[in-house]
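As structure tokens, the structure follows; a few thoughts come after it.
The values are calculated or read from the model by the stated rules, or taken from the named source; none is laboratory data. Owing to the predicted nature of the structure, the values given are computational and were not obtained by experimental measurement. Counting neighbours? That spans all protein chains shown, and the Cβs are built from the backbone with ideal geometry, glycine included.
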Amino acid sequence: MGLAAGIGSSRAGDAARAGAEAAGQAVARLPGRPALVVVYATVRYDLPRLLAAVRERTGGAPLIGATSDGAFAGGAHLPPGSGVAVLALTAGPYRFGTAAVTGIAGDPDGTGRSLARAARAAVDGPPGPCAALLLLTDGLAGDQQGVVHGLHRVTGAAVPVVGGSAGDDRRMVRTLVFHDDRVLADAAVAAWIASDHPLRVVATHGWTAAGVPLLVTRSAGAIVSEIGGRPAARAYAEALLADPDAHLEPVPAARFPLRALRPLGLLQPDGSFVIRSVQTSVERPEIAEDDLIAFGHVPAGAAVQVMRGSSDTLLAAADRLAAAALERSGPPPGVLLAFSCALHQDIHAQRAGEEAQRLQRAAGDLPTFGLHSYGEFARTVGGQGFHNATMTAMAL
């Protein structure tokens, strides 16, 4: 029997009412009891009351979730600060195990290792020949790529990872994840998905490289100090000026202090890019005036290029994402899980809802459910797997 998915959402102002409405809709669309529940909600709610109302209607099924910077469900867009979305899943051909671990800020690698082991151990019954990991993290709690590295040390390349980091309606103050009835900071939560057939994780973006590759010659985590032996912010600015088409790209009034349409791309061995949103002129004592700040780890020795894109090119990525995720073996899927950068909503401006609509249209009758996040996860092979300004997905 295939997996069945029920989706619900609510924009009610009261947390208990919103949780009850969204969870009630989701459960009503299922042919049986849920085996896994996923919740994305604005940080403005009384979150313990919200989760209590959800779990009252989902019968205590294992729950994972995160605070959002917007969400999307069945083609409908919930903008930042407006509501809750709930996904309820039957098991179908899968077996789920959920876990949460705190301590990302102090030990991201160790958090990832502990989380993978705990989620795998929580699976009821044999783990099966194949698996994937659905990952949600506190988006402001340090090195997100380090968490992926820790997961990879336990799972190896055979278990793909998909997910997103929590948001907080662009406040950039406090992001949280959920596990059952707990609301956790500095934490990561995951669902281990045991399967008898391979599961495919995909990532797409609408960015193209501009100019020539540059070498990162000095960096520490997300702080890039030198590119090509020169101050990083100056090298970045010169790359922008060298692009003859830069003046054709309007820069939106983004609430993030990021160069929204000119991220860096980390060149990968297969010629693809992992995207890093960047910013300059950050007033922090450990950051020099000419440092470039990325929204994620940029290793020394990496080859990078300045990227360009537009609302049109990023929206087109939604069509490709659904098509790529649905190219898989095994039984027909019951849901498409997707994650999209919170920054996309600023870039799209009045068209922000179009991304969710296009994703649902490309998925056809398959329901879609997703989070606008402060970073997206898609690890398929190798240890790299944290992205910015990207869309990631997996069909179950």
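With part of a helix (DSSP H, G or I), at negative phi and surrounded by 24 or more Cβ atoms within 10 Å (Cβ to Cβ) as the only criterion, which of 139, 112 stands out?
Of 139, 112, the one residue that is part of a helix (DSSP H, G or I), at negative phi and surrounded by 24 or more Cβ atoms within 10 Å (Cβ to Cβ) is 112.
Among the listed residues 125, 70, 156, identify the single one that is assigned by TED's automatic domain parsing to the domain that holds residue 49, at positive phi and at pLDDT 95 or above. First the steps, then the outcome.
Values: 125 fails: at pLDDT 95 or above; 156 fails: at pLDDT 95 or above.
Of the residues listed, the single one that is assigned by TED's automatic domain parsing to the domain that holds residue 49, at positive phi and at pLDDT 95 or above is 70.
The strands (runs of 3 or more DSSP E) located wholly in segment 157-209 that include 2 or more residues which are among the β-branched types (Val, Ile, Thr) and in contact (Cβ under 8 Å) with a residue 60 or more places away in the chain occupy 161-165, 187-195, 201-204.
Can you spot a residue in segment 312-322 that is at pLDDT below 85 and of a type in the set (Lys, Arg)? Write out each step before concluding.
So in segment 312-322, the residues at pLDDT below 85 come out as none.
No, that holds for no residue.
Reported count of residues in segment 263-279, each being under 15 Å from residue 379 (Cα atoms), charged (D, E, K, R) and assigned to a strand (DSSP E or B), is 0.
Looking at segment 143-150, is at least one residue outside any helix (DSSP H, G or I) and within 18 Å of the chain's Cα centre (by Cα)? There is at least one residue in segment 143-150 that is outside any helix (DSSP H, G or I) and within 18 Å of the chain's Cα centre (by Cα). Taking residue 68 as the residue in question, decide whether it is surrounded by 18 or more Cβ atoms within 10 Å (Cβ to Cβ), of a type in the set (S, T, N, Q) and within 15 Å of residue 183 (Cβ to Cβ). Answer is yes for this residue.
Taking the criterion of being in contact (Cβ under 8 Å) with a residue 60 or more places away in the chain and either surrounded by 21 or more Cβ atoms within 10 Å (Cβ to Cβ) or not assigned by TED's automatic domain parsing to the domain that holds residue 16 (or both), the residues of segment 44-61 that qualify are 47, 51.
Determine whether segment 348-370 contains at least one residue that is assigned by TED's automatic domain parsing to the domain that holds residue 109, hydrophobic (A, V, I, L, M, F, W, C), within 30 Å of residue 299 (Cα to Cα) and not in a helix (DSSP H, G or I).
If we filter segment 348-370 for residues that are assigned by TED's automatic domain parsing to the domain that holds residue 109, which is where we start, we get 348-370.
Add one more test, that the residue is hydrophobic (A, V, I, L, M, F, W, C), and what stays is 349, 352, 356, 359, 362-363, 366, 369.
Subsequent filtering for residues that are within 30 Å of residue 299 (Cα to Cα) retains none.
Within segment 348-370, not a single residue is assigned by TED's automatic domain parsing to the domain that holds residue 109, hydrophobic (A, V, I, L, M, F, W, C), within 30 Å of residue 299 (Cα to Cα) and not in a helix (DSSP H, G or I).
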